[in-house]
1. Can you give the helix-only mean residue ellipticity at 222 nm for the chain, where every DSSP H stretch with n ≥ 4 adds -39500 (n - 2.57) and the sum goes over all residues, rounded to the nearest 500 deg cm²/dmol?
2. Cα atoms only: what Rg and Dmax, in Å, come out for the range 35-78?
3. Among 79, 39, which comes first, second and so on when ranked by fewest other beta-carbon atoms within 10 Å?
4. Would you list, by chain and number, the lysines whose Cα falls below 24 Å from the Cα of residue 72, excluding same-chain residues fewer than 8 positions away?
5. Measure nothing fancy, just the Cα-based angle from helix 35-45's long axis to the longest principal axis of the chain, in degrees from 0 to 90, nearest 10.
6. In a Gaussian network model over the chain where Cα atoms closer than 10 Å are linked, find which of 55, 77, 22 has the largest mean-square fluctuation.
7. Given springs between every Cα pair under 10 Å in a Gaussian network model of the chain, which of 61, 95, 82 has the largest fluctuation?
8. Among 66, 52, which comes first, second and so on when ranked by fewest other beta-carbon atoms within 10 Å?
Amino acid sequence: MIIAGFDDDNAPKLYLAEPSGALTAWKATSVGKNADKVMEILETNFEESMEYQKALNLVIDCMLQYVEAGSKNIEIAVMRRDSKQMVILNDEEVDKVIAEIEEKKKKEEKK
């Protein structure tokens, strides 16, 4: 289970709770099948002060590498400092980012 929120100093916090009861703090994480592979990509490409769109693209691109393409197989929750409300992205939002990523990859392949 992933636990996310903000502490009293408005600093973001992210924890991974294991079935064994272990609780670990993370800057980025993934759960489910192939989570370890997704974590390798996140650990390599995560930047401390990433812009929202860049971070969202990174997360979705990671997931596309290990799950069937399409928003039906991807669920992303976003928690932003300005609202402190967790929002689960709808399928249209995820599909839009997927289309942008795929278009970018096609352009890179043509080069």
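1. Theoretical 222 nm ellipticity from helices: -13000 deg cm²/dmol.
2. Here Rg and the maximum Cα pair distance are 10.5, 29 Å.
3. 79, 39
4. Partners found: 33, 37, 54, 96, 104, 105, 106.
5. Long axis of 35-45 versus the principal axis of the chain: about 80 degrees.
6. 22
7. It is 82.
8. 52, 66
Since every read-out is calculated from the coordinates, none of them should be taken as a lab result. Just so we're clear, the structure is a prediction, and the values are computed from it rather than from any experiment. With ideal geometry, Cβ positions are generated from the backbone for all residues, glycine too; neighbour counts draw on all protein chains shown.
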